[in-house]
Amino acid sequence: MQEQISYKKAAIVVMIITLLSKITGFFREIALGGTYGATYVTDAYLVSLTIPQVLFASIAAALATAYIPVYSKIKHDKGPEKGVIFTNKVINIVLLVSTVIAVFGIIFAKPIVSIIAMGFKGEALDLAVRFTKITFPMVIFIGLCNIFTSFLQSNNEFALPSLIGIPYNIIIISALLLSSILGPYGLVYGTLCGVVVEVLILLIGALRKGYRYEGIIDFKDPNVIKVVSLSFPVMLGAAVQQVNVIVDRMLASGLPEGSISALNFANRLNGFAYGLFSMSIAVVIFPLLSRLTAENDMENFKDKLIKSLNVITLIMLPITVGAVVLRQPIVSLLFERGQFDSRATVMTASALMFYSLGMVFYGYRDVLNRAFYSFQDTKTPMINGVITVGLNIMLNIVLVKYMQHNGLALATSLSAAVMTLLLMTNLRKKIAGIGGRKLRAVFLKSAAASLLMGLAVYGFSILTAEHIVSSGKLIGLLILGLEIGFGALLYFALVYIFKVGEVNWFITMVRNKIRNF
């Protein structure tokens with residue numbers, strides 16, 4: 001019981017800090033849009049982050065995921081000191097490999113950028129290459145961040161790893177506010193500086209938990225080999241998923257100026273709600289599912305998994321409908337200033353609509369992946385990921401011809417839906433009786449409530465559209481807030497009327513978390 005309460009407290013702390021981090025991340029995107037808009041400068045900056053923040057970050061995260069169970073076993077069997085020695089072996093290997101990658105990336109920046117952004121020419125290509133040479137050393141610090149984060153989480157420290165996004169965002173915002181002095185290079189150096197600060201914060205936390213650095217390296221250590229072998233399927237699956245982003249940017253680089261930026265801003269908006277709610281549920285449910293699997297308590301396993309999926313349905317479906325209905329005022333009020341003009345608003349709003357269609361499936365995917373990981377099955381999610389990426393690439397190529405950057409966003413959502421179906425099909429082969437009727441009932445009731453709410457909010461938005469346009473940003477934001485609040489109240493009233501059982505379960509869970517916090 002005490003263990004479950006601690007998970008609840010950790011979930012609340014993580015959710016609150018994640019919310020703060022997401023808010024500062026929003027301000028970062030607003031500052032980026034206001035300073036450079038949807039221009040080739042923003043496109044070049046985003047392309048320069050593709051390898052460090054998109055591809056390598058996924059690889060490092062997979063390694064860190066595999067590190068946790070091995071470290072925990074060493075610490076339990078041999079003591080904390082042996083755990084620190086093992087940690088240093090992993091850290092030193094990460095340092096060595098990431099340094100080699102960084103040097104390689106700096107030397108071959110131009111051909112790498114030419115592959116990632118095939119449509120870049122002239123000044124856009126030159127700027128992206130120069131930016132990439134600055135950002136490639138980030139791979140070193142991103143690798144360290146992931147290992148230190150896992151070390152801290154293994155020692156029951158969850159707040160600090162969740163916190164590091166806040167100073168990172170503040171540093172980038174500061175660089176953007178000083179853009180008249182620092183120029184676009186200030187943004188790139190600020191991003192690099194932000195990652196360095198993240199490592200320093202995590203290092204201080206690790207030192208407080210007993211970590212001490214030693215220059216130990218051993219490629220033949222069986223525990224190090226085990227981490228690599230366990231992480232490889234997760235690594236490949238995560239990296240394959242990130243190929244979607246790379247393919248999107250490759251194809252978008254040949255579209256009208258600002259297409260990459262529009263996709264980025266739309267994806268950031270889409271990821272705000274998804275990252276805050278769905279990822280928080282996935283992070284909390286993973287250790288619980290793992291414990292139930294270890295106890296071979298499949299009835300409770302199925303119950304908790306179905307409830308988690310239904311809660312994601314209840315939260316994400318109305319957010320999807322709301323994002324579709326209010327996409328234009330949301331983008332306009334949050335981003336349209338400075339260099340972010342009405343053209344950028346239209347491009348970003350349309351991309352947001354198509355990204356939002358896959359929001360609920362992103363949540364399903366993350367929870368279902370963790371269900372497989374709780375069975376120590378990392379291959380099934382990897383195989384499904386490879387299939388989905390192949391589908392996504394084909395859809396990209398077809399849809400981009402007819403819908404331009406909107407086709408890339410729609411392809412991402414469709415591939416997420418297909419992956420969810422594949423994961424659910426495979427999970428039913430592993431566990432009999434996973435859900436169909438209970439999941440369908442909640443989905444249909446939530447969808448009906450969401451559509452009714454969407455129609456009401458759409459009518460509300462028509463009445464208030466003129467006021468949003470004619471009033472200032474503050475009044476516009478207040479009106480938008482009223483529309484969102486009205487929609488949320490109406491939706492929850494409807495699902496309560498429809499007698500969705502998970503609503504009471506979710507309300508009780510939140511109350512208990514607040515009471516126990």
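The values are calculated or read from the model by the stated rules, or taken from the named source; none is laboratory data. Note that this is a predicted model, so its numbers are computed, not measured. Here the Cβ is made from the backbone with ideal geometry for all residues, glycine too, and neighbour counts use every protein chain on show.
Entry remark, segment 179-209: residues being in contact with an Asp or Glu (Cβ under 8 Å, 6 or more places away or on another chain) and surrounded by fewer than 19 Cβ atoms within 10 Å (Cβ to Cβ) number 1 in total.
Can you say whether Leu421 is under 24 Å from the mean Cα position of the chain (by Cα) and touching a residue at least 12 places away in the same chain (Cβ under 8 Å), as far as the supplied structure shows? In short, no.
Inclusion of Val245 among residues that are modelled with pLDDT under 80, farther than 30 Å from Lys89 by Cα, of a type in the set (Val, Ile, Thr) and outside any loop (DSSP other than H, G, I, E, B) is warranted.
Among the residues of segment 52-104, those that are out of contact with any helix residue (DSSP H, G or I) (no Cβ under 9 Å at 6 or more places or on another chain) and either of a type in the set (Val, Ile, Thr) or not in a helix (DSSP H, G or I) (or both) comprise Gly79, Val100, Val103.
Note on segment 114-124: among residues that are aliphatic (A, V, I, L, M) and surrounded by 20 or more Cβ atoms within 10 Å (Cβ to Cβ), the one that is farthest from Ile246 (Cα to Cα) is Ala124. Residues that are of a type in the set (Gly, Ala, Ser), over 23 Å from the mean Cα position of the chain (by Cα) and either part of a helix (DSSP H, G or I) or not assigned by TED's automatic domain parsing to the domain that holds Cys145 (or both) within segment 190-234 comprise Gly205, Ala206, Ser229, listed in sequence order. Of everything listed in (1) closer than 25 Å to Phe277 by Cα; (2) free of Cβ contacts under 8 Å to residues at least 60 places away in the same chain; (3) surrounded by fewer than 19 Cβ atoms within 10 Å (Cβ to Cβ), the single unmet condition for Arg365 is (3).
Scanning segment 25-51 for residues that are at pLDDT below 80, hydrophobic (A, V, I, L, M, F, W, C) and assigned to a helix (DSSP H, G or I) yields Phe26, Ile51.
Selection over segment 424-462 of residues that are in a helix (DSSP H, G or I) and under 30 Å from Asp297 (Cβ atoms) gives a count of 18.
Scanning segment 82-123 for residues that are on the phi < 0 side of the Ramachandran plot, of a type outside the set (S, T, N, Q) and without any contact (Cβ under 8 Å) to a residue 12 or more places away in the chain yields Lys82, Val100, Val103, Phe104, Ile107, Phe108, Pro111, Lys121. The listed residues are Ala371, Ala417, and the only one of them that is at pLDDT 90 or above and in the same structural domain as Phe265 (by TED's automatic domain parsing) turns out to be Ala417. Which ones in segment 264-321 are modelled with pLDDT of 80 or more and in contact with a Lys or Arg (Cβ under 8 Å, 6 or more places away or on another chain)? Answer for segment 264-321, where residues must be modelled with pLDDT of 80 or more and in contact with a Lys or Arg (Cβ under 8 Å, 6 or more places away or on another chain): Ile306, Asn310. If you go through segment 126-140 and keep only what is surrounded by fewer than 20 Cβ atoms within 10 Å (Cβ to Cβ) and over 19 Å from Val97 (Cα atoms), you end up with Asp126, Arg130.
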